Amino acid sequence: PRGPSCGGRAARDRTAQDVQVWMRALSEQVSGSSARDYYALFAQIMSDAAERNMLRRSPCTLKGAQLPKRNDVTKVYLTPLEAELLIAAMPRRYRALTHLLLWAGLRIGEATALQWDSVDLSGNRVRVDRARKKTGELGLPQNGKKRSVLIDATTARALSAPRRAYGGQDGVFTAGNT
């Protein structure tokens with residue numbers, strides 16, 4: 001049997017030094033958080049291969065101190081003009097969602113879990129009390145705390161269109177409502 005390969009070489013031929021070289025190169029191309037995520041996935045694959053006796057042992061021996069730091073990249077933000085141009089370029093069904101993400105600062109999981117009973121268009125407020133996780137399940141927002149977020153009048157108007165179109169029932173951004 002051939003076994004798994006990695007970068008054109010058999011995975012069984014990879015060494016811990018190969019992995020370190022790969023991580024250094026990777027951390028120059030992507031954010032520290034992304035590099036850590038890639039490493040975690042690769043390490044899991046190599047660990048599974050070792051457990052199945054496809055490898056003698058995993059070459060992934062890096063510990064936290066050897067991995068790139070999270071948030072080691074300068075964040076770039078859109079200007080108000082760039083944000084408006086992005087919203088205008090979006091398909092109509094995604095404009096309200098884009099408004100909410102850009103102007104109210106909701107995370108995508110919070111926005112996609114938003115229910116109409118948490119939206120107060122006349123008071124320009126959105127109550128964030130749940131979030132859709134990567135698994136699709138609903139849970140608390142990322143920091144575990146519910147909060148009330150002010151929205152500007154333009155975002156409130158953008159949200160009023162899907163409310164009128166879809167009757168204001170259930171999820172604001174469900175499959176049919178986006």
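Just to be sure I understand: if I project the alpha-carbon convex hull of the range 42-145 onto a plane and average over all orientations, what area do I get in nm²? Kindly include the intermediate steps, with their values, before the conclusion.
Details: hull surface 44.1 nm².
Result: a mean projected hull area of 11.0 nm².
Under a 5 Å amide H cut-off, with hydrogens placed 1.01 Å from N, V128 pairs with R147, S148, V149 among residues at least 5 apart or on other chains. By its C-alpha gyration tensor, with a ≥ b ≥ c as the square roots of the eigenvalues, how is the range 71-122 shaped: rounded for a/c under 1.5, else prolate for a/b larger than b/c, else oblate? Cα axes put the range 71-122 in the oblate bin.
Among the protein heavy atoms, those of I45 account for about 90 Å² of accessible surface (1.4 Å probe, every chain in place). Between the amide H of Q115 and those of V172, distances stay under 5 Å, these residues lying 5 or more places away or on another chain, with hydrogens modeled in the peptide plane.
The values are calculated or read from the model by the stated rules, or taken from the named source; none is laboratory data. All values derive from a computational prediction rather than experimental measurement. The protein model used for the area step is the full one, side chains on, heavy atoms only, and it has no ligands, DNA or RNA in it. Shrake-Rupley method; radii C 1.70, N 1.55, O 1.52, S 1.80 Å.
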